[in-house]
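See below for the structure under consideration.
Just so you know, all these numbers are worked out from the coordinates, no wet-lab data involved. In this text, all values refer to a predicted model and were calculated from it rather than measured experimentally. As a convention, Cβ positions derive from the backbone with ideal geometry for all residues, glycine included, and neighbour counts pool all protein chains shown.
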Amino acid sequence: MMRYTVWHRTAYTYTRPVQDSVGLFHLVPRALPWQQVSASAVTVDPAPGDIAPDLDYFGNSATYFHVTDPHQELTIVSRSEVTVHTPAYDAAALCLPWEQARPLQHPHLDGAWRAADFALESPRAAHVSEAAAYARESLTPGRPVGEAATDLMRRIFRDFTYDSTATTVTSTVADAMRKRAGVCQDFAHVALACLRSHGVAARYVSGYLATRPAPGKDRVFGADASHAWIAVWLPGTDQWLAIDPTNDQWAGERYITVAWGRDYGDVSPVKGIIYTKAKKSTLRVQVDVSPQEPAATAAPS
């Protein structure tokens with residue numbers, strides 16, 4: 001069990017005044033059986049004329065805001081206190097054949113109707129033939145779903161290079177497959193395309209990974225980043241196996257879950273529309289995930 005303070009700052013600067021900013025942010029971590037959120041607050045500067053916290057279709061905290069005062073800077077700062085346990089999974093479900101993790105082909109299984117949306121193609125996780133072919137090596141007939149998903153995770157980690165210059169936020173699965181390179185968002189989309197192209201339900205997860213400083217080095221405030229991984233449906237349950245192709249590991253107590261959806265487009269931290277004559281803008285994002293003393297609470301059953 002680990003307890004964290006998560007701080008996330010998004011700052012936009014414009015060359016000319018903006019008349020209106022309309023936006024939506026996913027910045028408040030989810031309350032989950034393995035994750036408790038004891039405090040959370042988000043501030044927007046300038047203060048919005050309208051702000052409306054809500055839950056989106058996937059149950060994520062999603063807040064709409066509308067800044068109506070002219071401004072050349074817009075800053076959104078979130079701060080949360082989160083306690084995370086390592087998730088426990090149903091051992092029997094992990095051992096079921098991966099073919100049963102296809103809710104559209106097995107609609108009678110418990111949880112299948114809730115998983116169905118995540119077995120479909122989505123805009124940023126297209127079912128390209130290269131991804132389907134790549135997945136076949138892991139999805140051999142009758143292989144346990146936990147083993148198959150883990151093997152795919154490890155192959156992506158082995159075969160793809162982490163390179164922040166190889167792709168952009170608009171890059172496609174086909175781009176990442178061709179270059180065999182990208183960032184966590186790309187690796188998550190590749191894994192989704194691999195699994196969903198064979199009918200397996202899997203969802204995109206957005207959040208944070210608590211990093212550790214190098215031996216002998218101090219933590220640097222604001223040096224962390226948002227992170228992305230995926231979760232694979234375990235047949236007949238409401239459990240999802242969270243795997244991280246970027247780091248070749250199951251998501252444990254170092255992973256703070258903020259939101260999940262079909263792909264990045266559903267859960268981007270901040271998105272919106274501005275009305276301005278400015279020709280240029282700059283964006284700066286800072287994230288800090290600070291470990292705290294362990295909370296004195298019992299682990300969930």
## Note on the structure
Computed, not fitted: 222 nm per-residue ellipticity of the chain from DSSP H runs ≥ 4 (each -39500 (n - 2.57)), nearest 500, equal to -5000 deg cm²/dmol
### Message
What distance in nm separates the two pseudo spin-label positions at residue 41 and residue 280, each 7 Å out from Cα along the beta-carbon direction?
### Response
3.6 nm
### Message
At 0.36 nm per residue, and after removing the present C-alpha to C-alpha distance, how many nm does the segment from residue 1 to residue 110 gain when stretched out fully?
### Response
36.3 nm
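What is the diffusion coefficient of the chain in µm²/s, taking the Kirkwood radius over Cα pairs and the Stokes-Einstein relation at 4 °C with a viscosity of 1.567 mPa s?
Numbers: Rh = 20.2 Å.
For these conditions, the coefficient is 64 µm²/s.
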### Summary
Place a point 7 Å from the Cα of residue 54 in the direction of its beta carbon; the residues of the range 6-31 whose amide N falls under 13 Å from it are 23-25
### Query
What full-extension length gain, to one decimal in nm, is calculated for residue 9 and residue 180 as 0.36 nm per residue of separation minus the Cα-Cα distance?
58.5 nm
### Summary
Placing each pseudo-label 7 Å from Cα in the direction of the beta carbon, residue 89 and residue 120 end up separated by a distance in nanometres of 2.6 nm
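At 27 Å minimum axial length over the Cα atoms and a Kyte-Doolittle cut of 0.0, report the qualifying DSSP H helices in the chain, or say none.
none
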### Under 30 Å, Cα to Cα: Lys pairs in the chain, sequence gap 8 or more or different chains
4
## Note on the structure
Note, residue 107: beta-carbon cut-off 15 Å, +1 each Lys/Arg, -1 each Asp/Glu, net -1
### Query
Across the range 45-61, in residue order, what do the Karplus-derived ³J(HN,Hα) couplings come to in whole Hz, using 6.51 cos²θ - 1.76 cosθ + 1.60 with θ = phi - 60° and x for Gly and Pro?
10, x, 5, x, x, 9, 9, 9, x, 7, 10, 8, 4, 8, x, 7, 6
### Task
Starting from the Cα-Cα distance between residue 73 and residue 217, subtract it from 0.36 nm times their residue separation and give me the gain in nm to one decimal.
48.5 nm
### Query
Tally Lys/Arg at +1 and Asp/Glu at -1 over every other residue whose Cβ is under 11 Å from the Cβ of residue 236; what's the total?
-3
